[in-house]
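The values are calculated or read from the model by the stated rules, or taken from the named source; none is laboratory data. Here the structure is a predicted model, which is why all the values come from computation and not from measurement. Note: ideal-geometry Cβ built from the backbone for every residue, glycine included; neighbour counts use all protein chains shown.
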């Protein structure tokens, strides 16, 4: 079916146009990070079809396939989404405030780890992101490919006057399984590894000592495989990953996996829970 000048727009036109405006209104938070990783043939195809669309709009080309027109507008939305946010959009973690300390922990899906530590007294902020890999500016899709070396992790900004690093480790080891290599439940791959990314020698020594105590205690059915890795650049994850459990408590994964970890924290660490959380 062809779309001729003067006829109603093709199906999906308004939706695609709204998509363009939505993308343009968004901040640069990681949207444009993969523009250099779009396949050249994809960009080339969209640009070619955009030329056809402009020829149609100018009256040079008399007709256009409806599906093609819709696809072109969708392509424009894609390019707008990456192009408008590209300059200077490298999302790395913010420096801690003078009264804050930072801990970076990886214990499987960051939705779980974030949800747990957001409830802890003395914790100011918890950010989901990627760390410990080779590729700069990783996206969720890249990390899930298991080729970048990154782990899903959380960066915890906390008040060291109210909570000690060792207390964070207590919660960390209670709310994930540190004995399964590159796996937490059904989530498997190096991105789900158990790791402590230490920021200084004190954190490294405390973590080494704590792991040794746990191993000697026999509390776990197998040896602890949690890695100690020096903290490198932490890349903030896409916006939809932030505060995921708080914003999506009824989502399937949250009900099946995250909720039990949150409930375990509330049960095991009632004295460390913020009074403000439900």
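No other residue among 224, 206 is surrounded by 11 or more Cβ atoms within 10 Å (Cβ to Cβ), in a loop (DSSP other than H, G, I, E, B), in contact (Cβ under 8 Å) with a residue 12 or more places away in the chain and in contact with a helix residue (DSSP H, G or I) (Cβ under 6 Å, 6 or more places away or on another chain) apart from 224. For region 233-245, the set of residues classified as part of a helix (DSSP H, G or I), surrounded by fewer than 16 Cβ atoms within 10 Å (Cβ to Cβ) and touching a residue at least 12 places away in the same chain (Cβ under 8 Å) consists of 239 only. Taking the conditions (1) touching a strand residue (DSSP E or B) at 6+ places or on another chain (Cβ under 7 Å); (2) crowded, with 19+ Cβ neighbours inside 10 Å; (3) not in a helix (DSSP H, G or I) in turn, residue 148 satisfies each one other than (1).
Looking only at region 98-116, decide whether some residue is exposed (fewer than 14 other Cβ atoms within 10 Å of the Cβ) and either at pLDDT below 95 or in a helix (DSSP H, G or I) (or both). Quick ask: steps written out before the conclusion?
So the first thing to find is which residues in region 98-116 are exposed (fewer than 14 other Cβ atoms within 10 Å of the Cβ), and the list is 98-99.
Next cut, either at pLDDT below 95 or in a helix (DSSP H, G or I) (or both) only: 98-99.
Yes, region 98-116 contains at least one residue that is exposed (fewer than 14 other Cβ atoms within 10 Å of the Cβ) and either at pLDDT below 95 or in a helix (DSSP H, G or I) (or both).
Conditions (1) over 18 Å from the mean Cα position of the chain (by Cα); (2) over 18 Å from residue 192 (Cα atoms); (3) assigned by TED's automatic domain parsing to the domain that holds residue 228, marked per residue:
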{"residue": "118", "(1), (2), (3)": "no, yes, yes"}
{"residue": "125", "(1), (2), (3)": "no, yes, yes"}
{"residue": "129", "(1), (2), (3)": "no, no, yes"}
{"residue": "138", "(1), (2), (3)": "no, no, yes"}
{"residue": "155", "(1), (2), (3)": "no, no, yes"}
{"residue": "158", "(1), (2), (3)": "yes, yes, yes"}
{"residue": "175", "(1), (2), (3)": "yes, no, yes"}
{"residue": "179", "(1), (2), (3)": "yes, no, yes"}
